[in-house]
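Below you'll find the structure, written out as structure tokens, and then a few comments.
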Amino acid sequence: MKTIVVFNQKGGVGKTSTVINMMSELSLRHKKVLAIDLDAQCNLTSFCGFKYSKYSVVDWLLSDKLKLDFVVCNTKYGDLIPADERLHMEMLKFASMPAFVIRIKNLLVNLKEYDYVVIDCPPTVNQLTAAALVAADYVLIPTETEFFSAAGIEMIAQTIEQIKPLNPALKVLGVLIVKYQANRTLTRAIEQKLNATIKKYLDCDLLKTKIRFTVDVPAAQASGLSVKDYKTKSNSAVDYAEFVEEIWQIIK
């Protein structure tokens, strides 16, 4: 089992879209996937159609007796541990739990039935993102070719370095450019700056695959579908398939 954390401290960079379409593509490859929603905005949970669930990731994190079967919801693209809005309010409880930073790692350690665990993190550094990174084999960083993206990479690198003593095996799977518009004047310049920043601070490269900007991505989300299920020949659908193939080869 491989655990992949999808993380960026900046909001609106396609983390949840990336998780959704990763789940879809991995399920098409007959891989069993568990997604964990750690974002109090609950976008992944809402996409999967679980606005209100009896149990959520909050209960899973706080209880030593709650079995995973009671928390997991089945979706068309894999299993999900849903979030709820209590994540905002329970931070003090998480902070007061001894060794909460290894909580997710300990909860996942005995899972054998999944090929991949994909964790959708909030756009901030808190107890949840720290615990997710400690539990991860890989961190995937979606970003845009925007002015502030390169500056954000340095902050992400600092966060990962702080986690490394607790998880020396953590690897950066790659940096994925989303909402890519090759015809924009500034795109190439920002892409070059991003690449230089990534090599300097993360010691890796941009992933070769870029997710082209299309209106199909938000339209698919509104329909509760992956981009491929919404429009098979969409540029974004093609790109997500190539992206999952690329990271699959890296992991293999």
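Going highest first, how would you order 5-12, 169-176, 20-27, 187-194 by mean Cβ packing within 10 Å?
Values: 5-12: 20.6, 169-176: 18.9, 20-27: 24.0, 187-194: 15.9.
So the order, starting with the most tightly packed, is 20-27, 5-12, 169-176, 187-194.
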Looking at this model, which pairs from LYS171/LYS233; LYS31/LYS67; LYS15/LYS233; LYS15/LYS67; LYS32/LYS54; LYS105/LYS210 are more than 26 angstrom apart at the alpha-carbon?
LYS171/LYS233; LYS15/LYS67; LYS105/LYS210
Surface accessible to a 1.4 Å probe, PHE147 within the full protein complex, Å²:
140
Anisotropy class of region 49-182 from Cα gyration tensor, a/c 1.5 cut
prolate
Gaussian network model of the chain, Cα springs within a sub-10 Å range: biggest mean-square fluctuation belongs to which of PRO168, PRO122, PRO142?
PRO168
Could you tell me which of rounded, prolate or oblate describes the chain, using a ≥ b ≥ c as the square roots of the eigenvalues of the alpha-carbon gyration tensor, with rounded for a/c under 1.5 and, failing that, prolate when a/b is larger than b/c and oblate otherwise?
oblate
Within the set ILE104, ILE211, ILE119, GNM on the chain using Cα springs under 10 Å gives the largest fluctuation to ILE104
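Net charge around GLU85, counting only other residues with Cβ within less than 11 Å of its Cβ (Lys, Arg = +1; Asp, Glu = -1)?
-1
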When the chain is treated as a Gaussian network with springs between alpha carbons less than 10 Å apart, the largest mean-square fluctuation among THR124, THR185, THR18 is found at THR185
For region 1-80, alpha-carbon Rg relative to the globular expectation (2.2 N^0.38 Å, N residues)
1.10
Checked region 160-252 against the a/c 1.5 cut and the a/b vs b/c comparison, axes a ≥ b ≥ c from its Cα gyration tensor; verdict oblate
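The values are calculated or read from the model by the stated rules, or taken from the named source; none is laboratory data. The structure presented is a predicted model; accordingly, all values stated were derived computationally and were not measured. All Cβ positions, even for glycine, are placed from backbone atoms using ideal geometry, and neighbour counts span all protein chains on display. Note: areas computed on protein heavy atoms with side chains; ligands, DNA, RNA excluded. Shrake-Rupley method; radii C 1.70, N 1.55, O 1.52, S 1.80 Å.
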